[in-house]
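K.L.:
Let me begin by handing over the structure; questions about it come next.
The values are calculated or read from the model by the stated rules, or taken from the named source; none is laboratory data. The model shown is predicted, which means the values in this text are computed figures rather than measured ones. All Cβ positions, glycine included, derive from the backbone under ideal geometry; neighbour counts span all protein chains shown. For accessibility, only protein heavy atoms count, side chains too; no ligands or nucleic acids. Shrake-Rupley method; radii C 1.70, N 1.55, O 1.52, S 1.80 Å.
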Amino acid sequence: MFYQSLSYEQKSKKTSLCIGLDLISKENKKEKVFDLIEQTKDHCICFKLNPAFYLGQEGLVKEISDYFREKNILWIYDGKIGDVPHTNTKYGEYILDYLGASALTVSPFLGLDSLKPLRRKNKGIFLLASTTNSNSQRIQQLTREEIFSWCIQDRALSLVVAGNTNDASSYREKLPFNWFLTPGIGVQGGSIGKPVDNVLYSVSRSIINSKYP
C-alpha cells in the first residue's frame, strides 16, 4: 500500500523529501529529467510529476512512469484532477492503471462521490486543501471543515497543505494521522526543520535550478 511504503521509506532514509519534476525547458528534457531522478532518488522518498510541464510529451511521461514502476519508486501524478464521476473514471484508468502512478492529487470541489473512481486500495489520493497562491484562502476556507470530516472518517484520504503558510500545524491538530503533501518549500518561502511523520515536503525549483553534481 502506498502509505505503508511511504512510512517505510521515511524511516529507512530518514527524510520526508518529495522531488518535483517540474522541468520547464524542452531542450534535452529526457536526459535532464532522468539525470535529476538518478541524482536524487537515494535522498528522497517520492517524486511528483505535474503533467502541465509535459504537455505534448506524453511519450516521455510514459517512459518516466515505466522507469518508476521498474525500479519500484513511489511517485505522485500532480494533475489536480476534478470532474464528475464518469469522467474521473477515465482519468483513473489513465493515471492509476495505464501510467501506474502511486498516488495523485485531486480537487475535492465536486464532492466525495466524485472521487470514488479515483480510489484504489493500494494507491494514495491527496485532496487540495491549502495551496500556495496568495488568494487561495478565500475559497478554501469555505470547504475546510467538510474536507476535515471526510479525512477523519477515512485515513486513506490525504491532503495537499501549503508549506509557505501556517496551515500545516493547525491542520495537523485536526488530523493527526492523515498524510500531508506540503508544497511551497524553497523558492516559495517554506522551509523544512526535521522529518515529520506523515508529511511529504515537496521541493521542485530549488533543486531543479541548483547546480547539483
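K.L.:
As a test question: what accessible area, to the nearest 10 Å², does Glu93 have when a 1.4 Å probe is rolled over all protein chains in place?
P.N.:
80
K.L.:
Shifting gears a bit: Calculate the FRET efficiency for Lys174 and Asp35 from the Cβ-Cβ distance with a Förster distance of 30 Å, rounded to the nearest 0.05.
P.N.:
0.15
K.L.:
Looking only at Glu38, Glu146, Glu27, which one moves most when the chain is put into a Gaussian network model with springs between Cα atoms under 10 Å?
P.N.:
Checking each option, the largest mean-square fluctuation is seen for Glu27.
K.L.:
Of the accessible area of the chain, with the probe set at 1.4 angstrom, what percent is carbon plus sulfur?
P.N.:
Answer for the chain: carbon and sulfur cover 52 percent of the accessible area.
K.L.:
For the chain, modelled as a Gaussian network with Cα springs under 10 Å, which listed residue fluctuates most, Leu159, Leu112, Leu127?
P.N.:
Looking only at Leu159, Leu112, Leu127, the biggest GNM fluctuation is shown by Leu112.
K.L.:
Here's a follow-up. Per residue, how much accessible area does the chain have with a 1.4 Å probe, in Å²?
P.N.:
52
K.L.:
Using θ = phi - 60° and the Karplus form 6.51 cos²θ - 1.76 cosθ + 1.60, what ³J(HN,Hα) does each residue of segment 44-51 get, whole Hz, x for Gly and Pro?
P.N.:
Once θ is set to phi - 60°, the couplings for segment 44-51 become 9, 10, 6, 10, 10, 10, 9, x Hz.
K.L.:
Among the aspartates and glutamates, which have Cα under 18 Å from the Cα of Lys13 when same-chain residues fewer than 8 positions away are ignored?
P.N.:
Once the sequence-local aspartates and glutamates are set aside, what remains near Lys13 is Glu38, Asp42, Asp197.
K.L.:
Measuring from label point to label point, each 7 Å out along Cα→Cβ, what is the Glu93 to Asp154 span in nm?
P.N.:
Label-label distance for Glu93 and Asp154, simple model: 2.1 nm.
K.L.:
A further question on this structure: Please compare each pair in Lys11/Lys90; Lys26/Lys116; Lys41/Lys121; Lys29/Lys121 to a cut-off of 28 Å on the Cα-Cα distance and tell me which ones are over it.
P.N.:
From the list (Lys11/Lys90; Lys26/Lys116; Lys41/Lys121; Lys29/Lys121), the Cα-Cα distance tops 28 Å for Lys11/Lys90; Lys26/Lys116; Lys29/Lys121.
K.L.:
Which cross-chain or sequence-distant (5 or more) residues have an amide H under 5 Å from the amide H of Val160, H modelled 1.01 Å from N in plane?
P.N.:
Leu127, Leu128, Ala129, Ser130, Leu181
K.L.:
5 Å is the cut-off here: which amide hydrogens, built 1.01 Å from N in the peptide plane, fall below it relative to Ile81, excluding neighbours closer than 5 in sequence?
P.N.:
Thr105, Val106, Ser107
K.L.:
Spelling out what I want: for every residue of segment 16-26, take phi, set θ = phi - 60°, compute 6.51 cos²θ - 1.76 cosθ + 1.60 (Karplus), and round to whole Hz; glycine and proline get x.
P.N.:
Ordered by residue, 3J(HN,Hα) equals 10, 7, 10, 9, x, 9, 8, 7, 7, 5, 8 Hz.
K.L.:
On a 1.4 Å probe surface of the protein chains, which of Ser170, Ser65 comes out largest in accessible area, and what is the full order?
P.N.:
Ranking Ser170, Ser65 by accessible area, largest first, yields Ser170, Ser65.
K.L.:
What is the set of long-range amide H partners of Cys46 at a cut-off below 5 Å, with H atoms built 1.01 Å from backbone N?
P.N.:
Ile19
K.L.:
Among Leu181, Leu110, Leu23, which one shows the highest mean-square fluctuation when the chain is modelled as a Gaussian network with alpha-carbon springs under 10 Å?
P.N.:
Ranking Leu181, Leu110, Leu23 by mean-square fluctuation puts Leu110 first.
K.L.:
Could you tell me the relative contact order of the chain? Use alpha-carbon pairs under 8 Å, at least six residues apart, and round to a whole percent.
P.N.:
Result for the chain is 21 percent.
K.L.:
Evaluate the charge dipole of segment 47-144 about its Cα centre and quote only its size in Debye, nearest 20, assuming +1 on the Cβ of each Lys and Arg and -1 on the Cβ of each Asp and Glu.
P.N.:
Its charge dipole is roughly 380 debye.
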